[in-house]
Amino acid sequence: MARYNPKETEPRWRKAWADAEAFKAVRDPGRPKYYVLEMFPYPSGRLHMGHVRNYSMGDVIARFKRARGFSVLHPMGWDAFGLPAENAAIERGVDPKAWTYDNIDRMRAELKELGLSIDWSREFATCDVAYYGKQQAWFLDLLERGLVYRKESVVNWDPVDQTVLANEQVVDGRGWRSGAVVEKRKLNQWAMRITGYADQLTDDLATLDRWPDKVRVMQENWIGRSKGLRFRFHFAGEGPAEGLEVYTTRPDTLFGASFVGIAADHPLAEAVAARDPRAAAFIEACRKGAATEAEIETAEKQGYDTGLKVKHPFDPSWDLPVWIANFILMDYGTGAIFACPAHDQRDLDFVHKYGLPVRPVVLPPGEDPATFAVGDEAWTGPGVIYNSRFLDGLDIEAAKAEAIRRIEAQGDGEGATVFRLRDWGVSRQRAWGCPIPVVHCGKDGVVPLPKSALPVAHPADIEFGKSGNALERHPTWKHTTCPVCGGPATRETDTLDTFVDSSWYFARFANPWADEPIGKEDADYWLPVDQYIGGIEHAVLHLLYARFVTKALADDGQLSVREPFAGLFTQGMVTHETYRRQNGEWVEPKDVELEVEGKTRRARLEGTGEPLIIGDVEKMSKSRRNTVAPEEIFDVYGVDAARLFVLSDSPAERDVQWTTGGVQGAWRFVNRVWDEFETSQPPIPGTEKTVTGDLAGNLRRQHHKLVKAVTEAIEGFRFNSAIAYLYSFLTVLKTHRPEGRVGELAFAYQDALRDFARLIAPFTPHLAEECWARIGGEGMVVAAPWPVFDPALTEDAVKVLPVQVNGKRRGEITAPAGAEQAAVEAILRADPEIGAKLEGLTIRKIIVVKDRIVNIVAA
RNA sequence: GCCGCCGUAGCUCAGUGGUAGAGCGCAUCCUUGGUAAGGCUGAGGUCGGCAGUUCAAUCCUGCCCGGCGGCACCA
C-alpha cells in the first residue's frame, strides 16, 4: 500500500476544479443564494497561519452550502492601499504600485494553493483604477448629499515626516517612524457624516441577530448614545448675554447642583483668560498636562474659579460659581456641565479638593433622609428624589422627565440625545490611496469634479522615497483647470482613508464589471453577505464604517439593503509557544528541539544544544519569532492536513495553538482515511441478502448519526466538533470492515464510505475527491449533494440503561428503545445483580427516564 | 471601576439535569518490505471552590476564587 501523496493529488484536483469552473458564482433563480465572505487580506506578500485558518473557515461554509443546494458567492480581493507600501518605497526605493502588485501575485498563488472554493473571476484590488474610480463616483454622490464635507479639525501632525498620523501611529506622543514629538494641528480635513446615522447605527444593531453580542456591545459603546437635557444657564451679573449652555444626563439631580464647570478650551474660558492672567496660566497648564491619553485619565482633578456666577434654572436667587476644570472635554456635549457632587464621582472628587458643597438629592432605598450623607463615594444607584422641591418623591426617571418638561416650558432648553461618536475624518496626506476627486480654484473654491472627469488616477511617474505626500510634490499632476470657470486650479492631494476602500468592496463583488459603482440588479440578488468572517479587531472600525456606507448608499438609491452583513463570525487567532535564549533573544520554532521527560518538557537550541526558556503561548508574530510558515507545512503534510488541524483543535471563535504534534495527528488522519478507501473493495451487485448480521445495522446507525452530527456542527460553526465526529467514525469504519465483497455489511460499508467522502470534503477537499474517485463516485465531490440522514436510523433499537441506587451507579440493564416504566421495572426485577445490590433495602421509588437511566430510591 | 467570555485528563478542547469523552503527549506490547512509519492495550479526572434546588448537579441558581478580552474623567 502506498502512502497518501498530497504533492501529487492536491494540485491535480485544484486543476480539475478550475477546469470545471466549479466555483463560478451564478445567479440562479431556482436556488436560494448564499454569500460567504472573509475579510479580504492586505497584500503583505506572505500568507500566514491566520490566513490559513480564516479562509479555511469560509471555505468550509462555502463548500457546505454549495453541497446543500445553494447558489454560492465566495469571492476574493485585496485591501491594497495603505502605508506599508509607501514605507517599503521609502526604505527600499521600490515603487509602491509595483511592490503591491508583486505581493498580490505571490499571495494569490499561495491562497490558490489552499484549494479554496473561490470565484477568482471576480478578483480585484482596491488600488485598481477600475475600483477606486468607482469609489470616487459615489464619493461625489455623498458629497452632493451633504454626507461628505470639509471641516477644520485637530490632528496629529508629524513635523519630520510632514504628514498627519492616525492615533494608533502615535506612540508616547511621538511619531512611530520619525520619533519626532507629534504636534496638534488644526487642518482642513474631509470628513464623512457618520454621526448623521448614529441613531440608526445603534437601533439597527438589534436586527443583527446573527452577530456576536460582544461586537454589538462594542459598537453600542463606541457610538455612545445618551439621552438627557441641553439647557442654558443665565448669568447673574457679569457674563455673556446668550448665557452658558450645558448638557446633562441627570436633570433629576439639578437641585443637587454645586457649581458649573467648563472645559479649558471652552470659548468662555478663553474670554476669561483674555483679562485674567492667572486663568490663562491655568488653561495653559491644562493643555500641557494633557499630552497623552494615559495622563488625561489619571490626572488629578484641577480647577480655577472664574469669579463668574450663573443663576440656578429653577431658582433665580440661587447663584452657582463657574469653574474651569481640567476633566471636562470640549468635544463632548457642549463642553460645559453642571456638577452634582453627591451623585457623580468626578464632581465629588473635585468639590472635596476645592471645598464646595455636597447636597444629596437621591435617597438610596432603605436610607433615612435625616441621616443619609455622601462620603467619599457618590451615590449613582436608584432611589427617591428629595431635597428637590417639586421633584420630591419622584423616582429618577420620572424626575428626569419632569425637569426636562419644566426647562422646556421655561424656554431654557430641551431634551437632547448626544453621541460619543465623532464624524469620520477620511483625509490622509499620503499618495498611495484613493485620490479625492475635487479641485481647489482661487475663484470658485472647492469644486467637485464632474463624473466625466473620473477616474482621477495616480500619475505614472510618481516619485516616492521621500517623506511627505508624493502627490503634493509631483511637478505637474495637481495642476489642472477648474470645471466651473476653466481657470487654473489645483487638485486635492489628500487621499481617502483605506477604511473607505473596505467599506463597500463586498457590494462591488456582486458585479465587479459594472459601469456603476454597484451593479444594482446583482447586488439586490447577492446582498446582504449571509456569512461574514473576520477578526474582532475590526469591531468598531471596518464593521462600523461598512454599516454606515451601506446606509448612506442605500439612501442614495444605490443599494437596497440597509445592513451589509446579516451574519458575522469573529474567528480566533493562531498562537504558538514562544522560546528564548538565556540572553533574551527570541528563537523560531523550527530551530527548537523539544524533549519530554515524564511530565516536564525541555527546549534546546538545535545545533548547539543550548537550553532555552519555554515562554507563553502567544499570537504568531514576527516580533516574538513564533511563526510557522504555511508553505513549509504544506510541503511536508499537504494542504488538507494543515486545513484540518487549524480547524480541529479549538472552537472557531477561540485561539488555536499550533503544535507539531497536532498537525502530525491531522496528517495521520489523512493517511488513515486514504488507507480505508484504498483498501476497500466494491461490493458485488445482487449479493446484499446473501449474508446479514448485526454489524451492518450497527454501521448504518453510526453512519446516519454521523451525518446528522457533522451537518449540525457545521451549521453551528462548531468545526472542531465536526472533525472530532469524523475522527471517531474512522474507528467505526475500521471495526466494521467487510471480509469480502458480498453481503449486507459490504453494502453498508460502501454506503458509509460514499457519505464519509462527502462529509470530509469541506475540511479536506482534495482528499475527499481522491477518496470519491477511488470508490467510483459520480463526477466530483464539489458537484455532489450533501448526504442526508434517515432519522429512524439515528436511534438505537436497544438501549443500555445505567441503574442508580440513591444516585450512585450500581449496574446496568439492557432494554428495548422506548421501554416504559412497567417494562423496565420487570427487567430490573429479573436482574440478579441488581437484586444483590438492593439486599436489605426497601424500595421507595423507581424513577425511569425513558431510554436514558433508572434511579432506585431505597432505604 | 463597569460589561462580557472562559475554568473538564499532563496539553488543546468536546460533552450532557442521569454510564465523564476525543486528539496530542505518556506507558506496555506487537510489527520491522507503509519504516524520519504502522498497530494493540493501558494509566491518568473530588468536571476551579463553597452553598442551594433536585430522586439525581460537571450541567440549573447564588456567592467566591483564578484567567482573558472590551470599555473607562463621555457629564
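Here, each number is a calculation from the coordinates, and none is a lab measurement. In this text, all values refer to a predicted model and were calculated from it rather than measured experimentally. Note: ideal-geometry Cβ built from the backbone for every residue, glycine included; neighbour counts use all protein chains shown.
Only counting other Cβ atoms within 10 Å, I'd like A:Glu402, A:Glu770 sorted with the fewest neighbours first.
Working: A:Glu402 17, A:Glu770 26.
With the sparsest Cβ surroundings first, the list reads A:Glu402, A:Glu770.
I need the peptides A:249-256, A:330-337, A:705-712, A:147-154 ranked by packing, meaning the mean over residues of other C-beta atoms within 10 angstrom, with the highest value on top.
Values: A:249-256: 23.5, A:330-337: 18.9, A:705-712: 20.6, A:147-154: 15.8.
Put in order of decreasing packing, that is A:249-256, A:705-712, A:330-337, A:147-154.
Can you give me the C-alpha center-to-center distance between the range A:443-460 and the range A:492-523, rounded to a whole angstrom?
That distance is 18 Å.
Over the Cα atoms of the range A:480-534, what radius of gyration and what Dmax do you get, in Å?
Just the Cα atoms of the range A:480-534 yield Rg and Dmax of 17.0, 50 Å.
Using C-alpha positions alone, give me the convex hull volume of the range A:185-245 per residue in cubic angstrom. If you can, show how the numbers build up before the last one.
Numbers: hull volume 10.7 nm³, N = 61.
It is 175 Å³ per residue.
Over what distance in Å are the Cα centres of the range A:298-325 and the range A:343-390 separated?
If we compute the Cα centre of each part, the gap is 18 Å.
Note the angle between two axes, namely the Cα long axis of helix A:396-410 and the longest principal axis of the Cα atoms of chain A, as a number of degrees from 0 to 90, rounded to the nearest 10.
Helix A:396-410 and the main axis of chain A meet at about 40 degrees.
At a 10 Å Cβ-Cβ cut-off, how would you order A:Phe259, A:Phe464, fewest neighbours first?
Values: A:Phe259 24, A:Phe464 20.
Exposure proxy ranking, most exposed first: A:Phe464, A:Phe259.
Tally Lys/Arg at +1 and Asp/Glu at -1 over every other residue whose Cβ is under 10 Å from the Cβ of A:Arg145; what's the total?
Numbers: positive: A:Arg193; negative: A:Asp141, A:Glu144, A:Asp555, A:Asp556.
Net local charge, A:Arg145 excluded: -3.
Using every pair of alpha-carbon atoms in the range A:526-587, split the distances into 5 Å bins beginning at 0 and state the percent of pairs per bin, rounded to integers.
4, 15, 18, 17, 10, 7, 7, 6, 6, 5, 4, 2, 0
At 0.36 nm per residue, minus the direct Cα-Cα distance, what do A:Glu144 and A:Arg668 gain on full extension? Give it in nm, one decimal, please. Display every interim value, and only then the final one.
Details: separation 524, 0.36 × 524 = 188.64 nm, distance 6.11 nm.
Gain in length upon complete extension: 182.5 nm.
Dividing the alpha-carbon Rg of the range A:335-424 by 2.2 N^0.38 Å yields what? Let's see the in-between values first.
On the way: Rg = 15.1 Å, N = 90, 2.2 N^0.38 = 12.2 Å.
Normalised Rg, Cα atoms only: 1.24.
Using only Cα atoms and rounding to the nearest 10 degrees, what angle (0 to 90) does helix A:639-648 make with the longest principal axis of chain A?
Taking the Cα atoms of chain A, the angle to A:639-648 is about 70 degrees.
Wrap a convex hull around the Cα atoms of the range A:433-476, take a quarter of its surface area, and give that in square nanometres.
Values: hull surface 15.9 nm².
Mean shadow area of the hull around the Cα atoms is 4.0 nm².
Highest mean first, what order results for A:362-369, A:778-785, A:543-550 on Cβ atoms within 10 Å?
On the way: A:362-369: 13.5, A:778-785: 15.2, A:543-550: 23.5.
Taking the mean over residues of other Cβ atoms within 10 Å, the ranking is A:543-550, A:778-785, A:362-369.
Among A:Thr578, A:Thr495, what is the fewest-to-most ranking by other Cβ atoms within 10 Å?
Numbers: A:Thr578 21, A:Thr495 24.
Taking fewest neighbouring Cβ atoms as first place, the list is A:Thr578, A:Thr495.
Taking the radius of gyration and the Kirkwood hydrodynamic radius from Cα positions alone, what is the Rg/Rh ratio for the range A:557-686, to two decimal places? Provide the component values of the computation, followed by the final result.
Values: Rg = 20.8 Å, Rh = 17.9 Å.
Value, to two decimals: 1.16.
Can you list the residues, at least 5 places off or on another chain, whose amide H is less than 5 Å from the amide H of A:Val384, using H built in the peptide plane?
The answer is A:Leu363.
Have a look at A:Val322, A:Cys441, A:Thr126 and report the one farthest towards the positive end of the charge dipole of chain A, computed about the Cα centre with Cβ charges (Lys/Arg +1, Asp/Glu -1).
A:Thr126
How much length, in nm to one decimal, is gained on full extension between A:His479 and A:Ala370, taken as 0.36 nm per residue of separation minus their Cα-Cα distance?
Stretched fully, the A:His479-A:Ala370 segment lengthens by 31.6 nm.
From the phi angles alone, apply the Karplus equation (6.51, -1.76, 1.60; θ = phi - 60°) to the range A:556-572 and give each ³J(HN,Hα) in whole Hz, x where the residue is Gly or Pro.
My calculation for the range A:556-572 gives 8, x, 8, 9, 9, 7, 10, 10, x, 10, 5, x, 10, 10, 9, 8, x Hz in order.
Give the whole-number value, in cubic angstrom per residue, of the convex hull volume spanned by the C-alpha atoms of the range A:704-811. Don't skip to the end; give the middle numbers.
On the way: hull volume 16.5 nm³, N = 108.
Each residue corresponds to 153 Å³ of Cα convex hull volume.
Provide, as a two-decimal number, the C-alpha radius of gyration of the range A:636-767 over 2.2 N^0.38 Å, N being how many residues it has. If you can, show how the numbers build up before the last one.
Numbers: Rg = 15.8 Å, N = 132, 2.2 N^0.38 = 14.1 Å.
Against the empirical 2.2 N^0.38 Å value, I get 1.13 for the range A:636-767.
So what is Rg over Rh here for the range A:1-79, counting just Cα atoms and using Kirkwood for Rh?
Here the Rg-to-Rh quotient is 1.03.
What's the Cα-based Rg to Rh of the range A:504-561, Rh via Kirkwood?
Working: Rg = 11.6 Å, Rh = 11.9 Å.
For the range A:504-561, the value is 0.98.
With an 8 Å Cα cut-off and a minimum separation of 6 or more residues, compute the relative contact order for the range A:709-841 in percent.
Details: 99 pairs, mean separation 14.3, N = 133.
The value is 11 percent.
Whole-Hz ³J(HN,Hα) for each residue in the range A:786-794, computed from phi via Karplus 6.51 cos²θ - 1.76 cosθ + 1.60 with θ = phi - 60°, x for glycine and proline: what do you get?
Values per residue, Gly and Pro as x: 5, x, 10, 10, 9, x, 5, 7, 8 Hz.
Beta carbons within 10 angstrom, averaged per residue: use that to sort the peptides A:526-537, A:47-58, A:469-480, highest first. Walk me through the intermediate numbers first.
Working: A:526-537: 20.6, A:47-58: 22.8, A:469-480: 17.0.
Averaged packing, sorted descending, gives the order A:47-58, A:526-537, A:469-480.
Ratio of alpha-carbon Rg to the 2.2 N^0.38 Å globular estimate for chain A, to two decimals, please.
Scaled against compact globular proteins, the figure is 1.21.
Could you work out the per residue convex hull volume over the alpha carbons of the range A:632-683, in cubic angstrom?
Details: hull volume 4.6 nm³, N = 52.
Cα convex hull per residue, to the nearest whole number: 89 Å³.
Report, in degrees rounded to the nearest 10, the 0 to 90 angle that the Cα long axis of helix A:660-678 makes with the longest principal axis of chain A.
Around 40 degrees separate the two axes.
Compute the FRET efficiency between A:Arg27 and A:Arg654 as 1/(1 + (r/R0)^6), taking r as their Cβ-Cβ distance and R0 = 25 Å, and round to the nearest 0.05.
It comes out at approximately 0.10.
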